[in-house]
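A.B. asks: I have a structure I would like to understand better, so I am pasting it below and will then ask my questions one at a time.
The values are calculated or read from the model by the stated rules, or taken from the named source; none is laboratory data. As the structure is a prediction and not an experimental result, all values here were calculated from the model. Using ideal geometry, Cβ is built from the backbone for each residue, glycine included, and neighbour counts are taken over all protein chains shown. Each accessible area value is taken on the protein alone, full model and side chains, heavy atoms only, with ligands, DNA and RNA left out. Shrake-Rupley method; radii C 1.70, N 1.55, O 1.52, S 1.80 Å.
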Amino acid sequence: MNIPTIKLHDGYEIPAIGLGTVYLRGEPGVDAITSAIRNGYRLIDSAIRYDNEGAVGEAVRQSGIPREQLFLTSKLRAQYFNYDDALEMIRESLYRANLDYWDLFLLHWPNPKQDKYVEAWRALIQAKENGWIRSIGVSNFMPEHLDRLIEETGETPVINQIELHPYFSQVEQRQADKERGIITEAWSPLSRARTVTHDETIAELARQKGKTVSQVILRWHVQLGVIPLPRSSSELHQKENLDVFNFELTEDEMETLNALTKPDGRIDNQDPREYEEY
């Protein structure tokens, strides 16, 4: 399956859809991620906090797909935002995954009360210069956090990975990312199967299109220019989630989905201005 790619402002290209891996760990995690790679996924999204970088690396080896054909991501948790700790943990994450480099490395949350995200960003810049990382970005960063990184270091993230689904469409944040040349990725694009996947409006639209609810939601992301990262350990759902490039939503259908957003649409109320990850 040929998945389209999106060009990052640093020149690298990233697949237009990927696999989220939170909760996929150990042998079942290796099996699920290996299955996803064999089913066509080329973007695999991990994090130090997920405790599964080893499973990702093992899945890469078991998949039989050459490393250079894959786009592998991890994220630095805020516990390691001190400059020296950050560099040490990036190396550690590579050791865990048994990789020579990450294609993309993100700061997982800004943790503004801790106020060390600029220091951690400088460590990512250094790690990129060291050849440990190819592209660097952030996750859950608000416009003011992005601007501070850019102003204080001169380095703009290539990606901002945020919570984004039809109940929380993040119009302002997507626009802020776009204005800064940053590509938006979506974590929990299917709201962890807890909210939007049960929406009757989307279900009716899916029936009309002859598609699944998940396919309609993921196609909505793709047409917004957002890279969705659905997680699934089911081979059937993995294949379904990739099969979103052979149909289109009309402008009216897109507006119908856009209209579902809610001010309090976050799944677990994790506001990046307040939420602190450790």
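A.B. asks: So in the range 90-120, with the set limited to residues that are more than 20 Å from the chain's Cα centre (by Cα) and open to solvent by less than 40 Å² (accessible area, probe 1.4 Å), which one is farthest from E155 (Cα to Cα)?
C.D. replies: Looking at the filtered set, the residue picked out is P112.
A.B. asks: List every residue pair whose Cβ atoms sit under 7 Å apart, with the two residues 6 or more apart in sequence or on different chains, where the first one lies in the range 78-90 and is under 18 Å from P110 (Cβ atoms) and the second, anywhere, is of a type in the set (S, T, N, Q) and surrounded by fewer than 20 Cβ atoms within 10 Å (Cβ to Cβ).
C.D. replies: A78/Q114; F81/Q114
A.B. asks: Here are some conditions: (1) modelled with pLDDT under 95; (2) open to solvent by 60 Å² or more (accessible area, probe 1.4 Å). T195 meets all but one. Which one does it not meet?
C.D. replies: (2)
A.B. asks: Residue pairs, Cβ under 9 Å, 6 or more apart or interchain, first in the range 103-116 and of a type in the set (D, E), second assigned to a strand (DSSP E or B). List them.
C.D. replies: Listed by first residue and then by second, the contacts come to D103/I14; D103/L43; D103/F71; D103/L72; D103/T73; D103/I133; D103/R134; D103/S135.
A.B. asks: Which condition does E129 not pass, out of (1) surrounded by fewer than 19 Cβ atoms within 10 Å (Cβ to Cβ); (2) under 30 Å from L260 (Cβ atoms), if it passes all the others?
C.D. replies: It fails just one condition, (2).
A.B. asks: Working only within the range 92-119, note down all residues that are of a type in the set (A, V, I, L, M, F, W, C), within 19 Å of W187 (Cβ to Cβ) and in contact with a Leu (Cβ under 8 Å, 6 or more places away or on another chain).
C.D. replies: Initially, the range 92-119 is screened for residues of a type in the set (A, V, I, L, M, F, W, C), giving 94, 97, 99, 102, 104-107, 109, 118.
Among the residues that remain, those that are also within 19 Å of W187 (Cβ to Cβ) are: 102, 104-107, 109.
Result: W102, L104, F105, L106, L107.
A.B. asks: So V244 ticks every box in (1) open to solvent by less than 10 Å² (accessible area, probe 1.4 Å); (2) not in a loop (DSSP other than H, G, I, E, B) but one. Which box is left unticked?
C.D. replies: The one condition V244 does not meet is (2).
A.B. asks: Looking at the range 143-192 only, could you name the residues that are aliphatic (A, V, I, L, M) and open to solvent by 20 Å² or more (accessible area, probe 1.4 Å)?
C.D. replies: In the first step, residues of the range 143-192 are kept if they are aliphatic (A, V, I, L, M); the result is 146, 149-150, 158-159, 162, 164, 171, 176, 182-183, 186, 190.
Matches in the range 143-192: I150, V171, I183, L190.
A.B. asks: Going by what's in this entry, would K211 be described as among the charged types (D, E, K, R) and under 20 Å from G29 (Cα atoms)?
C.D. replies: Values: among the charged types (D, E, K, R): yes; under 20 Å from G29 (Cα atoms): no.
No: the conditions fail for K211.
Rundown of residues vs (1) open to solvent by 50 Å² or more (accessible area, probe 1.4 Å); (2) farther than 23 Å from E13 by Cα; (3) in a helix (DSSP H, G or I); (4) at pLDDT 95 or above, yes/no style:
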position: E204; (1), (2), (3), (4): yes, yes, yes, yes
position: S214; (1), (2), (3), (4): no, yes, yes, yes
position: H221; (1), (2), (3), (4): no, no, yes, yes
position: L249; (1), (2), (3), (4): no, yes, no, yes
position: M254; (1), (2), (3), (4): no, yes, yes, yes
position: L260; (1), (2), (3), (4): no, yes, no, yes
position: P263; (1), (2), (3), (4): yes, yes, no, no
position: P272; (1), (2), (3), (4): no, yes, no, no
position: E276; (1), (2), (3), (4): no, yes, no, no
